[in-house]
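Student: This is the structure, below, for whatever I ask next.
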């Protein structure tokens, strides 16, 4: 019999009875207790979140490849160019020289100073280094900006098509996302009139992304100035300007930072980083440049979740900023390759009957309209009905083994997104397969039924 343990106060404790040492009958109540259901309810804010479609599809491509399927992945927003050699060398130097400790929460002083210098020289933004918060990727910077500025009862205005995470981050902050449709006929750009008509006393934050993910649209300066006039008339309204693709712009288009416009510096939170410009996605480094109150708040959020970003990545980022204006020759070569690929992808997709697409001015995505290919009567032999573009993307995956992202993930169900941040060989293979799968003899159009 097990000995009961007692305390110095002679309070008798319940003996511990290990189930393996007792007969089945004696173990039954304990086993039932161990097997009793556990409350697995989630925080309602977390339970309401939808997983990132782009991350899910990228993971799908990896699983298919691991299973031996020859899949062409055109979903991920990741440059295929290598990180510039000088940046890699700086990372190695950081390790070799012992720069492997915690850094200050908001980033190292040399890097924050270099970012402020870059913003002044290239973006016409006067920012004190104390207004810069270096984070573990631009995604974290966006999230912390939302958490610092918004809460229950606030509205976050999000032009659609939008990056998949904006609405979910707004919900996680307790705010309400308000989607503002921006059709292809208007270049997928928010107009001042549409913004003005959507504003209410609850409007707290407008999110702009230029160049845009998923469309590649770049806001002209004139449009930004007109939007700024609307913003200026609403004292409570702030702007989050996501400029992570700023270097991937194809002339004559030109990137303009919203915070550089008259009267916008004190109400604009600018997000940028190193992943897209310098092919440093795995280094996980971004930053927020914001008015002092919001920069301080974002830093507090960061101090309670991740603390400072990688010391090695921060040292490498200093080398990246030292490559020259707008990233120097390595970035120029990468952008030139993107432009060549963009032109190829646009030409191939335009050649498919029913696909509508204008050439984007930036980023490394195209966002074709395929709504003419789907709907009542659209069908593929051996696959079945194709009522929506989302189902069309599933058809392309299952039949052509090409991964693309349905536009509904970005708030525009008529389109789908292709990333051309991959080799020309992969683009040729993928577009050959897509063209074959969407050929009229393979995919019956709704118009064929109507005729």
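Read-outs: derived from the displayed coordinates by stated rules, not from any lab. Model, not experiment: these values are computed from the prediction. For neighbour counting, all protein chains shown are included, and Cβ atoms are generated from backbone atoms with ideal geometry for every residue, glycine included.
Student: Modelling each spin label as a point 7 Å along the Cα-to-Cβ direction, I'd like the residue 432/residue 350 distance in nm, to one decimal.
Tutor: 2.3 nm
Student: What's the ranking of 207-216, 291-300 by average number of surrounding C-beta atoms within 10 Å, highest first?
Tutor: Final packing ranking: 207-216, 291-300.
Student: I would also like to ask the following. Peptides 146-158, 353-365: what's the order by average Cβ count within 10 Å, highest mean first?
Tutor: My ranking of the peptides, most packed first, is 353-365, 146-158.
Student: A further question follows. Antiparallel versus total DSSP beta bridges in the range 85-326: what percent is that, nearest 5?
Tutor: 30 percent
Student: Here's something else I'd like to know. Simple spin-label model, 7 Å along Cα-to-Cβ: residue 89 to residue 424 in nm?
Tutor: It works out to 2.9 nm between the two label points.
Student: In the set (1) 1.16; (2) 1.02; (3) 2.00, which value of Cα Rg over 2.2 N^0.38 Å was calculated from the structure you see?
Tutor: Derived directly from the coordinates: (1).
Student: Further, regarding this structure: So how do 248-255, 371-378, 389-396 stack up, highest first, on mean other-Cβ count within 10 Å?
Tutor: Going from most to least packed, we get 389-396, 371-378, 248-255.
Student: While we're here: What number, rounded to the nearest 500 deg cm²/dmol, is the helix-based mean residue ellipticity at 222 nm of the chain, given -39500 (n - 2.57) per DSSP H run of at least four residues and division by all its residues?
Tutor: Mean residue ellipticity, 222 nm, calculated: -11500 deg cm²/dmol.
Student: OK, next. Calculate, in nm to one decimal, what residue 121 and residue 254 gain on full extension: separation in residues at 0.36 nm each, minus their alpha carbon distance.
Tutor: Fully extending the segment from residue 121 to residue 254 adds 46.4 nm.
Student: If you don't mind, there's one more thing I want to ask. Under the classification rounded if a/c is under 1.5, otherwise prolate if a/b is larger than b/c and oblate if not, where does the range 392-451 fall, given a ≥ b ≥ c as square roots of the Cα gyration tensor eigenvalues?
Tutor: oblate
Student: Using a Förster distance of 25 Å, how high is the FRET efficiency between residue 56 and residue 179, based on the Cβ-Cβ distance and rounded to 0.05?
Tutor: 0.75
Student: Ok, one more. Could you compute the FRET efficiency for residue 196 and residue 113, with r as their C-beta to C-beta distance and R0 at 35 Å, rounded to 0.05?
Tutor: So, using R0 = 35 Å, E works out to roughly 0.35.
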